[in-house]
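The values are calculated or read from the model by the stated rules, or taken from the named source; none is laboratory data. These numbers were taken from a predicted model, which means no experiment stands behind them. Cβ placement follows ideal geometry from the backbone for every residue including glycine, while neighbour counts extend to all protein chains displayed. Quick note on the areas: whole protein, heavy atoms, side chains included, nothing else; ligands and nucleic acids left out. Shrake-Rupley method; radii C 1.70, N 1.55, O 1.52, S 1.80 Å.
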Amino acid sequence: MAQQVINVQNLTVRFQSYDAIKNASFTVNDGDFINIIGPNGGGKTTLIKSLIGLTPHSEGQIIIDPLFENKIGYLPQKGFNNDSSFPATVEEVLFTGVLQSKKASRFITKSDKNHIDQLLQKMEVFHLKKRLISSLSGGQQQRIFIIRALVSNPRILVLDEPTSALDPDFRKSFYQLLKKINLVENMTIINVTHDLDDEFKKGSKILHIDQTIRFFGTYEEFRAKGKDVHRHV
């Protein structure tokens, strides 16, 4: 039986008198790959921000296994505001991701640097290592902040539309990397997406939210029920 890592019970997130999310319940198991879909304004980002504690919930419970609670990597929709006065290099930005995960030592080790170099190569941005983060294009910055979410070796990876600024060619290789991380490293992935790539969604779970949860199950079950994916994402 799969280990349950997140249990959401009757979750409601209310902004003044508006329920952005209402009475949502679902579970996340170790090794799940969950694609969250739904219309703009349907509560996708609010949901994942509630899961990781950035947005308080009004009612219900979010129970995270203690072994996973401090092992969550997160990539927001916009990781950087492109302030030209921000002096950090790509490497320095990635160092901050490593240091956030360290409880005792506050030093960057040779192993840390090697791990960063490997991820930079996988994301095809090793040549940008010494560049200022503010000098990069939106797509390049997105790749760097994807690496920053991965560099601490999280057990759960939460992504909010990670491919929105990526070019189509790299988008496919990024999806392949995510699937490899999920399958080989058994990393639990929760991914907000508008992407309609059937190949990418095969084998995943689908959570369709529009204030309330409209569907939660496997992608194959989602298709079998006759749902029109293009209408929901």
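Given bins 5 angstrom wide, list per bin the percent of all Cα-Cα distances in the range 111-233, short to long.
Going from the shortest bin to the longest, the percentages are 2, 9, 19, 22, 18, 13, 8, 5, 3, 1.
At most 10 other Cβ atoms within 10 Å plus a DSSP loop assignment makes a site exposed; report the longest stretch of the chain without any exposed trypsin sites (Lys or Arg not before Pro).
Result for the longest clean stretch: 1-102.
Taking 7 Å along the Cα-to-C-beta vector as the label spot, tell me the Tyr18-Arg214 distance in nanometres, rounded to one decimal.
1.9
To the nearest 10 degrees, how steeply does helix 138-150 sit against the main Cα axis of the chain, on a 0 to 90 scale?
Computed tilt is about 80 degrees.
Sequence-distant or interchain residues sharing an amide H contact under 5 Å with Thr218, placed H: which?
Result for Thr218 returns Ile206.
Over the C-alpha atoms of the range 5-71, what are the Rg and the largest Cα-to-Cα span, Dmax, in Å?
Computed over the Cα atoms of the range 5-71, radius of gyration and Dmax are 11.9, 36 Å.
Bin all alpha-carbon pair distances of the chain at 10 Å intervals from 0 and give each bin's fraction as a whole percent.
Reading the bins upward from 0: 7, 31, 36, 21, 5, 0.
Using amide H atoms built 1.01 Å from N in the peptide plane, name the residues 5+ places from Tyr74, or on other chains, whose amide H lies under 5 Å from its own.
It is Val158, by chain and number.
So with the 1.4 Å probe, I'd like the accessible area per residue for the chain, rounded to whole Å².
With all protein chains present, the chain gives 51 Å² per residue.
In whole percent, how big is the carbon plus sulfur part of the accessible area of the chain, probe 1.4 Å, protein atoms only?
C and S fraction of accessible area: 48 percent.
For Lys225, go through the aspartates and glutamates and keep the ones whose alpha-carbon is under 20 Å away, minus same-chain ones fewer than eight residues off.
List returned: Asp195, Asp197, Asp198, Glu199, Asp210.
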